[in-house]
Amino acid sequence: MEDLRTTVKGEILSIQDLPTLPGVLDEVSKLVEDPDASTEAIAKVISRDQVLSAKVLKMVNSPIYGFPGRIGTIQHALVLLGFNVIRGIIISTSVFDMMVAAMKGLWEHSLGVATASNIVARNAGFEDPEEYAVAGLLHDLGKVVTAVQLPELHDTILETVRERDLTYLRAEKAVLGFGHDRINAWLARHWHLPGNIREAMSRHHSPHLAEFYKPVACVVHIGDFMVRLFEFGTSGDDQTAYLRPEAMKELGFKMSDLERCLDELSEQMIDIADLSL
């Protein structure tokens with residue numbers, strides 16, 4: 001098992017077969033670190049890629065981020081949402097096609113969790129709920145990596161889910177020795193994502209173990225739970241989701257708060273369902 005685990009980690013970390021993130025992301029990242037660079041200059045670089053710009057604008061105008069139909073330019077999006085949110089959107093839209101091919105329904109599930117995370121963060125009184133939405137959007141990327149890099153093992157995971165009636169995470173651990181939460185941590189480091197998004201990606205199943213950004217991990221955990229309740233999209237299994245009481249406690253949530261969030265999410269489901277890129 002240990003040999004398999006080492007081999008699998010090596011294959012996943014090679015990542016050369018994953019969609020390369022657009023070259024503009026490297027350029028933009030360098031500009032962001034330059035104190036003299038303007039938002040206009042950063043927006044100009046992103047706007048050079050017309051397909052990417054169209055996808056980013058479609059996403060930022062979706063209900064997920066709370067500015068529906070009001071953002072007309074990349075520069076406006078950068079000013080309103082900040083670079084970390086735009087970068088998360090660029091990453092997610094870049095792997096979107098592979099997500100659709102790799103796991104049926106995973107993109108819809110991810111959009112749902114992004115929306116739910118925004119709703120939960122707002123109701124918990126956090127600033128910048130859009131960053132929580134990005135963490136929700138990226139929370140299952142590790143599943144895409146397994147499906148793309150290791151298709152045979154991915155098939156074995158799905159068979160294990162069906163035959164042993166396990167959650168996808170438990171099936172991953174049975175087959176690989178670790179789950180997509182671990183892969184998420186490697187990916188987030190590889191792509192230099194901010195610490196709060198990285199911890200939410202790696203701890204959304206175990207938010208009580210988050211060390212530095214526990215509220216973000218708790219928000220995404222609750223968002224994931226909400227979307228699974230609605231059975232919107234699919235995250236690889238049809239098991240009943242488990243809601244950790246520690247996550248509710250961390251946010252100071254009662255059941256009435258959760259019910260309010262669920263009501264709000266149900267109203268937005270139709271709009272999210274229309275968001276295919």
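Convex hull volume of the Cα atoms of the stretch 111-248, normalised per residue: 101 Å³.
With all projection directions averaged, the alpha carbon convex hull of the stretch 197-277 covers 5.9 nm². Kirkwood analysis of the Cα pair distances in the chain returns a hydrodynamic radius of 18.9 Å.
Ranking GLU199, GLU267, GLU250 from most to least accessible surface, computed with a 1.4 Å probe over the protein chains only, gives GLU267, GLU250, GLU199. Going by accessible surface with a 1.4 Å probe and the largest first, LYS104, LYS30, LYS143, LYS214 read LYS104, LYS30, LYS214, LYS143. Here SER53 sits with roughly 10 square angstrom of accessible surface, probe radius 1.4 Å. In the assembled protein chains, VAL120 presents an accessible area of approximately 0 Å² (probe radius 1.4 Å).
Pick from GLY72, GLY136, GLY223 the residue whose mean-square fluctuation is largest in a GNM of the chain, springs joining Cα atoms under 10 Å. Residue with maximal mean-square fluctuation among GLY72, GLY136, GLY223: GLY72. Note on HIS76/ASP155: beta-carbon distance plugged into 1/(1 + (r/R0)^6) with R0 of 51 Å gives a FRET efficiency of 0.70. Derived scalar couplings between HN and Hα for the stretch 240-248 equal 5, 6, 9, 9, 6, x, 4, 5, 4 Hz in order, rounded to whole Hz, by the Karplus curve 6.51 cos²θ - 1.76 cosθ + 1.60 (θ = phi - 60°), x for Gly and Pro. Solvent-accessible surface of the chain, taken per residue with a 1.4 Å probe and all protein chains present: 46 Å². Evaluated over the Cα positions of the stretch 159-206, the convex hull gives a direction-averaged projected area, one quarter of its surface, of 3.5 nm².
Of the trypsin sites (Lys or Arg not before Pro) found in the stretch 202-269, the ones in coil according to DSSP and having at most 12 other Cβ atoms within 10 Å of their Cβ are LYS254.
Note on ASP238/PHE83: beta-carbon distance plugged into 1/(1 + (r/R0)^6) with R0 of 35 Å gives a FRET efficiency of 0.40. Remark: the chain carries a charge dipole of roughly 220 debye about the Cα centre, counting +1 on each Lys and Arg Cβ and -1 on each Asp and Glu Cβ.
So how strong a dipole does the stretch 235-277 carry about its Cα centre when Lys and Arg Cβ are +1 and Asp and Glu Cβ are -1, to the nearest 20 debye?
With only Lys, Arg, Asp and Glu charged at Cβ, the dipole is about 260 debye.
Annotation note: chymotrypsin sites (Phe, Trp or Tyr not before Pro) in the stretch 185-223 located in DSSP loop regions with a Cβ neighbour count of at most 11 within 10 Å are PHE212.
Note on surface exposure: ARG182, ARG244 rank ARG182, ARG244 by accessible area, highest first, 1.4 Å probe. Across the accessible surface of the chain, with the other protein chains kept in place and a 1.4 Å probe, carbon and sulfur atoms take up 49 percent. Between ASP263 and LYS30, the FRET efficiency estimated from the beta carbon spacing at R0 = 35 angstrom works out to 0.20.
The values are calculated or read from the model by the stated rules, or taken from the named source; none is laboratory data. Remember, predicted model here, so these are calculated numbers, not experimental data. Here Cβ is always computed from backbone atoms with ideal geometry, including for glycine, and neighbour counts include all displayed protein chains. Heavy atoms of the whole protein, side chains included, go into the accessibility calculation; ligands, DNA and RNA do not. Shrake-Rupley method; radii C 1.70, N 1.55, O 1.52, S 1.80 Å.
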